[in-house]
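J.: Take a look at the following structure, please.
Readers should treat all values here as calculations from the given coordinates under stated rules, not as data from a laboratory. None of these values were measured; they are calculated from a predicted model. Cβ: placed from backbone, ideal geometry, glycine included. Neighbour counts: every protein chain shown.
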Amino acid sequence: MKATVIVTLKPTVLDPQGMTIQRSLGSLGLDDITDVRQGKIFDVRLKNGSREQVERLAKDVLTNPVIEEYRIIWE
Amino acid sequence: MKATVIVTLKPTVLDPQGMTIQRSLGSLGLDDITDVRQGKIFDVRLKNGSREQVERLAKDVLTNPVIEEYRIIWE
Amino acid sequence: MKFGVVIFPGSNCEQDCYYAIRTVVGQPVEYIWHQDTSVKGFDAVVLPGGFAYGDYLRTGALAKFSPVMRAIADFAKKGGLVIGICNGFQILAEAGLLPGALLRNVGLKYLCKFEYLRTETTHTDFTNLMTKGQLLRIPIGHGDGNFFADSETLERIEDHDQAVFRYADAHGRVTPEANPNGSLNNIAGIVNEQRNVLGMMPHPDRAYESILGSADGKLIFESMVNALVTK
Amino acid sequence: MTVTDEVLTLHNLTESEYQKILAILKREPTITELGIFSVMWSEHCSYKSSRVHLRRLPTKGPAVLQGPGENAGIIDIGDGLAVAFKIESHNHPSFIEPFQGAATGVGGILRDIFTMGARPIAAMNSLRFGPLDKQQNKRILEGVVGGIAFYGNCFGVPTVGGEIYLADCYSQNPLVNAFALGIFEKDKIFYGRASGLGNPVIYVGAKTGRDGIHGATMASAGFGEDAGAKRPNVQIGDPFMEKLLLEACLETMHKGLIVGIQDMGAAGLTCSSCEMGARAGTGVELDLDYVPQRESGMTAYEIMLSESQERMLLVAEKAKEKEVFEVFHKWGLDAVTVGRVTSDGLLRVRHHGQVVAEIPNGALADEAPLYQRPLLPPKATLSSRLDDHSFLDGCPPALIETFLSESNDWNKLLKLTVASPNLCSRRWAWQQYDHMVQSNTVVGPGSDAAVIRVKGTKKALALTLDGPAYRVARNPREGAKMAVAEACRNIVCSGGRPVAATNCLNFGNPEHPEVMWQFSEVVDGMAEACSFFFTPITGGNVSFYNETFGGDIYPTPVLGMVGLIEDISFVTRSSFKKAGDSIVLIEPVTRRVGKVDLEDERAVQNLVASAIRDRLVESAHDLSEGGLAIAVAECCYSNVERAAIGAEITIPSHLEVRKDLFGEFSSRVLLTTRKVAELRQRAEQMGLTFHNLGKVGGNRLILNYESVKLVDISTDELESAWSGGLPKLLS
Ligand SMILES: Nc1ncnc2c1ncn2[C@@H]1O[C@H](COP(=O)(O)OP(=O)(O)O)[C@@H](O)[C@H]1O
Ligand SMILES: [Mg+2]
């Protein structure tokens, strides 16, 4: 079984990475793109289909709750 | 309009980050998880709905074709 | 003979390269701004270390779009000497001027320390003053120096004698323990097929005076001067 | 607005402080004004509990160009050059988010340096954590080290030294003190002054978000049960932005385009604007509609109090506004005029066409309340049990017991000791810091002091951070003197002359009379020793409220000492140089633990300094934690110049073997020399005790005691125990 964990910065938290990418796009002629925010994604495989372990992984290991939030997509 | 670009390492490329996470899982009792691979996700906003710019962004900027591949999710 | 050192936003070793070339190698050197569209008048171009655009997307990824990179690609195609050090190597790889890519260090951490490099070939414009197998002590300082290429590309690099430096131990043995970052075949530096573009992760610009712990890096700049003189 | 008790509590303002506000304004404050007062009068910004004491520190000297009161202190190093340096704490943010907290701490201190026009050329950090048997402490340490590396490496400043020390009291309250030093021509110093009526006030750098609102007031209150609720939006560091700001600011300065500049650190736009006005005796008028904003719908209160990082405020000459913009645009940065300098001495803030605040700058910056808080020596003090071996503090109890009882297997004991939490190698941490960028690093992390050469001269700078927390906890006054003595000794052992210092005073809750007593004692001890050694304090930082659930941390002063090496050929390392060199120990006639005799200390330092200058010395190492055995071991380990090397010495017996090997007596140094007789003569002339211990050589460390061979161990084995210590604790 597979799952995808998506970890992103909370919307109010500054994302220097995304901003820097966005700011450099003008010179590439990609000026329709008004905002870029960067996050992480984890493709996870698991043996017994124990969803609970993926939840714990996402919450306790992959996410820093002070600045990030996560969502899980099940396949 | 919004789009999400997901960039992941090609399957043939070693993923040290994913491997390090994977290795730490045993001691956390998360031993049903057999594989973790890390990637990046970019949440993009665009003005004129020009999909072509997002395609170019994903292909030319966000991805290094030597090591990575991408997919786009449209919203 | 004139050297040019490129400044990208976020470069931070441009002064080291400048100082090494001017003061120690004794050659004229000028800065090149990343927005410049020409490198006319220069005989050799240095892409220095640092964090161009913060390395925020991938190392070297945003810098490759700087206008100066088009000029440098032309310059290289015509045989001009280009050396990319650390972040400069990452930029050259991103720009396709060198094969392969630089991944995150296997240990996931930035590492700053001296390494031994074994000189694998003297048939380049950057190593012509060395002997084959010569050991150089030159420091690294990077978080993404793990050289990767697909197996076909790697084979071509080796077949064409393009691997210039490998990480080695103090006795010159190329072992897994001597590999600080997980690079394939312990590769620390490569040249293009034309042999006029070098990318290397270690910093010769931090090892050009014995007071800094080593002066071995000078050999690389002096080889470039030598190549330009004899050309 | 009705200002209720609750509103005042939320702003950490007392009733009497509120009365003072009413008296200054002669009316009720608006909410924005209340916010402005609360941050400017917070402990962090106003030093209201510490100022009466800090006045006792010596701040003047022939080399001092700028003492406390500006963003950084400045000293003259000759050749037309000056260096600016300062240390600052970022303790509370680093507890909430270790990586970003430490990163933004580094960012903040770097801004303090380049605000004055100096290019940062070195950084250091002093860190305190709880013991690493707790998972949370490991996470904090890893995060903090990672954050420091992330910021400093990207910015391009070499992180050349620092200290990490573990003890229980820091478990819920880590300390992150960041030091930076920059260099410039001494006639190109810039100040934070808003002068020139009508001159534009220009905002540059990152956009303003709701980051760290009330960061300053938070740093002025302890963490209790409601720490979570008080959490502001965490500040995220953007070292790339800061690097661009550095280059752009220095360029505007060199082109002579600006008249005043200040970074937006604690209390953001509020602090920078009113302090610049107060220093120049002018008013500043801001229109917040022009302030670049990252989030929508921000109130005036939020914009004024935001602590978003990587922002600066400059004042330019009217005619040069455009040129300033051009420089910033060249570096890809926004620059916006957000206000003007006025003549009325007021900070006037407009938002959406309305005046939302109007306060005299002087009242905010200079008329903050001052407290002479009660002082009381604490009843219970730390036990004296570990006085001879302070490094044991913070070690697991089992290790302490083994150390204090083992008396057969000294090989084992030494191996255990070198790997113990407070003595093991910090290489794991500093290898993550770029300590070579700028190609000036002559001696990097790991020696007594870091040494940075000054390009274009034959000089070098020696830098060290010292904060002997256990000693200060045992006796604040003596401990503070020891900190100064050790810092100076470190500089002298590196071939330099101590010139001036900066200090970061990390303490518990100033409302506890015991804490204020500690503070006062530390200031007195530091003042005495700094006067004695002619090393004025040119600035620093005070961090109070380092407590959790009512428990105060050790009083933890950290001293950052800057020394000058007149000729780079004087640079001396702590590590042994060559086989055959003689190892000698130099100490005062009277041995002391936990206190220092300043005259004795001076004699030792004078001897080392003169011996180095006269080329009698091959290596010099100051003895501190772990005493003689540890110092000798440290001199054997490998370094950038050579592989590990052995030594055989005979340790003179004095008291008892454990103390003779590991006792931490003050004012001692270990030298190697090829001129034993000459050195001995000098030492004895100066009234010092001289012991010729043995020689460098081989690949084993051999320690004889009287006629017994106590230790005989391969240096490789010892070094791997030492260097493996921290990784093992973290794994
Ligand atoms: N412990 C101290 N010793 C000497 N000077 C100090 C100390 N703490 C603070 N100062 C001085 O007080 C002034 C205000 O400091 P601070 O508010 O930390 O500056 P900033 O606003 O740049 O952070 C500075 O000039 C600083 O050097
Ligand atoms: Mg400041």
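J.: Along the principal axes of its C-alpha atoms, what lengths does the range D:532-660 span, in descending order and rounded to whole Å?
T.: Extents along the principal axes, in whole Å: 55, 41, 33.
J.: Rounded to the nearest 500 deg cm²/dmol, what is the calculated helix-only ellipticity per residue at 222 nm for chain C, with -39500 (n - 2.57) per DSSP H run of length n ≥ 4? Please report the intermediate quantities before stating the final value.
T.: On the way: 5 runs with 47 residues, N = 231.
Result for chain C, helices only: -6000 deg cm²/dmol.
J.: Over the Cα atoms of chain D, what Rg and Dmax result, in angstrom?
T.: Rg and Dmax of chain D, Cα atoms, are 26.0, 87 Å.
J.: While we're here: Rank the residues D:Thr104, D:Thr502 as a footprinting-exposure proxy: fewest other Cβ atoms within 10 Å of their Cβ go first.
T.: With the fewest neighbours first, D:Thr104, D:Thr502 line up as D:Thr502, D:Thr104.
J.: Among all lysine pairs in chain C that are eight or more places apart or on different chains, how many have alpha carbons less than 15 angstrom apart?
T.: Values: C:Lys2/C:Lys40; C:Lys2/C:Lys231; C:Lys40/C:Lys77; C:Lys40/C:Lys78; C:Lys78/C:Lys231.
Here the count comes out as 5.
J.: Considering only C-alpha atoms, what is the centroid distance from the range D:437-488 to the range D:57-131, in Å?
T.: 14 Å
J.: Quickly work out the D:Met686-to-D:Phe549 label distance, labels modelled 7 Å from Cα along the C-beta direction, and quote it in nm with one decimal.
T.: Using points 7 Å along Cα→Cβ, the separation is 5.0 nm.
J.: Also, quick follow-up: With the dipole of the protein assembly as shown worked out from charges on the C-beta (+1 for Lys and Arg, -1 for Asp and Glu) around the Cα centre, which of A:Gly29, D:Gly339, D:Ser16 lies farthest toward the positive end?
T.: A:Gly29
J.: Calculate the dipole size of the range D:558-644 relative to its Cα centre from +1 charges on Lys and Arg beta carbons and -1 charges on Asp and Glu beta carbons; express the result in debye to the nearest 20.
T.: Details: 10 positive and 14 negative charges, 37 e Å.
It comes to approximately 180 debye.
J.: How far is helix B:16-25 tilted off the main Cα axis of chain B, in degrees rounded to 10, range 0 to 90?
T.: With both axes taken from Cα atoms, the answer is about 40 degrees.
J.: If you bin every alpha carbon distance in the range C:54-111 into 5 Å steps from zero, what whole percent lands in each bin?
T.: The calculated distribution, bin by bin, is 4, 19, 27, 25, 13, 6, 4, 1.
J.: Could you list the square roots of 5 times each eigenvalue of the Cα gyration tensor of the range B:2-74, that is, the equivalent ellipsoid semi-axes, sorted largest first and rounded to whole Å?
T.: Values: eigenvalues 190, 39, 11 Å².
Taking √(5λ) for each eigenvalue gives 31, 14, 7 Å, largest first.
J.: Next question. Can you grab the distance from the C-alpha centre of the range D:578-641 to the C-alpha centre of the range C:178-206, Å, no decimals?
T.: Between the Cα centre of the range D:578-641 and that of the range C:178-206, the gap is 42 Å.
J.: What Rg and what Dmax come out for the protein assembly as shown when only alpha-carbon atoms are used, in angstroms?
T.: Values for the protein assembly as shown (Cα only, Rg and Dmax): 29.2, 88 Å.
J.: Can you tell me the Rg and the Dmax, both Å, for the Cα atoms in chain C?
T.: According to the Cα coordinates of chain C, Rg and Dmax are 15.7, 45 Å.
J.: Okay, moving on. For the Cα atoms of chain D, what angle does the longest principal axis make with the long axis of helix D:598-613, in degrees from 0 to 90, nearest 10?
T.: 80 degrees
J.: While we're here: If I model a spin label as a point 7 Å beyond the Cα along the Cα-Cβ vector, how far apart are those points for D:Glu6 and C:Val24 in nm?
T.: Placing both labels 7 Å along Cα→Cβ, they lie 6.6 nm apart.
J.: Given D:Lys379/D:Lys415; D:Lys186/D:Lys243; D:Lys86/D:Lys318, which pairs have Cα atoms separated by over 30 Å?
T.: On the way: D:Lys379/D:Lys415 38 Å; D:Lys186/D:Lys243 23 Å; D:Lys86/D:Lys318 32 Å.
Beyond 30 Å between Cα atoms: D:Lys379/D:Lys415; D:Lys86/D:Lys318.
J.: Enumerate the whole-percent occupancy of each 10 Å bin, from 0 to the last occupied one, for all C-alpha pair distances of the range D:622-670.
T.: The distribution over the range D:622-670 is 25, 52, 20, 3, given as percents.
J.: What size of dipole, in debye to the nearest 20, comes out for the range D:29-89 about its Cα centre when the only charges are +1 on Lys and Arg C-beta atoms and -1 on Asp and Glu C-beta atoms? Mind dumping the intermediate values first?
T.: On the way: 6 positive and 6 negative charges, 70 e Å.
Using Cβ point charges on Lys, Arg, Asp and Glu, the range D:29-89 gives about 340 debye.
J.: Straight-line reach only, C-alpha to C-alpha below 17 angstrom: list the aspartates and glutamates that B:Lys2 could link to, leaving out same-chain residues fewer than 8 apart.
T.: Here the aspartates and glutamates satisfying the reach criterion relative to B:Lys2 are A:Asp31, A:Asp32, A:Asp35, B:Asp43, B:Glu52, B:Glu55, B:Glu75.
J.: Next question, about the same structure. Suppose R0 equals 51 Å; then what is the FRET efficiency for C:Glu193 and D:Lys455 from their Cβ-Cβ distance, rounded to the nearest 0.05? Intermediate values should be presented prior to the final figure.
T.: Working: r = 38 Å, r/R0 = 0.75.
In this case the efficiency is close to 0.85.
J.: Please name whichever of A:Ile73, A:Leu62, A:Ser50 sits farthest to the positive end of the charge dipole of the range A:2-74, dipole taken about the Cα centre and charges placed at Cβ: Lys and Arg +1, Asp and Glu -1.
T.: Farthest towards the positive end: A:Ser50.
J.: May I pose another question? Using alpha carbons only, how many degrees (0 to 90, rounded to 10) separate the axis of helix D:239-254 from the longest principal axis of chain D?
T.: On a 0 to 90 degree scale, this one is about 70.
J.: Say each of D:Asn408 and D:Glu367 gets a label point 7 Å from the Cα, pointing the same way as Cα to Cβ; how far apart are those two points in nm?
T.: Output for this residue pair reads 7.6 nm.
J.: Where nothing but the Cβ of Lys and Arg (+1) and of Asp and Glu (-1) is charged, how large is the charge dipole of the range A:2-74 around its Cα centre, in debye to the nearest 20? Show your work: numbers first, answer last.
T.: Working: 11 positive and 10 negative charges, 82 e Å.
For this selection, approximately 400 debye.
J.: What's the center-to-center distance, using Cα atoms, between the range D:292-356 and the range D:535-550 in Å?
T.: Cα centroid of the range D:292-356 versus Cα centroid of the range D:535-550: 31 Å apart.
J.: In the range D:617-682, which GluC sites (Glu not before Pro) fall in coil by DSSP and have 11 or fewer other Cβ atoms within 10 Å? Could you put the intermediate results ahead of the total?
T.: Details: sites: D:Glu618, D:Glu625, D:Glu634, D:Glu641, D:Glu648, D:Glu656, D:Glu664, D:Glu678; in loops: D:Glu618, D:Glu625, D:Glu641, D:Glu656, D:Glu664.
Here the GluC sites (Glu not before Pro) that fit, given the DSSP loop and packing criteria, are D:Glu656.
J.: Continuing with this model, one more query. Near C:Gly133, within a Cβ-to-Cβ distance under 12 Å, what is the net charge of the other residues, with Lys and Arg +1 and Asp and Glu -1?
T.: Values: positive: C:Arg118, C:Lys132, C:Arg166, C:Arg173; negative: C:Glu120.
Residues close to C:Gly133 contribute a combined charge of +3.
J.: I need D:Lys481, A:Lys10 ordered by Cβ neighbour count within 10 Å, fewest first.
T.: On the way: D:Lys481 29, A:Lys10 13.
Going from least to most buried by this count: A:Lys10, D:Lys481.
J.: What is the calculated FRET efficiency for D:Ser384 to D:Glu717, with r their C-beta to C-beta distance and R₀ = 30 Å, to the nearest 0.05?
T.: Values: r = 34 Å, r/R0 = 1.13.
FRET efficiency, D:Ser384 to D:Glu717: 0.30.
J.: Given a Förster distance of 45 angstrom, what is the FRET efficiency for D:Ser343 paired with D:Arg119, based on the Cβ-Cβ distance and rounded to 0.05?
T.: On the way: r = 35 Å, r/R0 = 0.77.
E(calc), rounded to 0.05, equals 0.85.
J.: What order do you get for D:Leu175, D:Leu671 when you list them from fewest to most C-beta neighbours inside 10 Å?
T.: Details: D:Leu175 28, D:Leu671 25.
Ascending Cβ contact count within 10 Å gives the list D:Leu671, D:Leu175.
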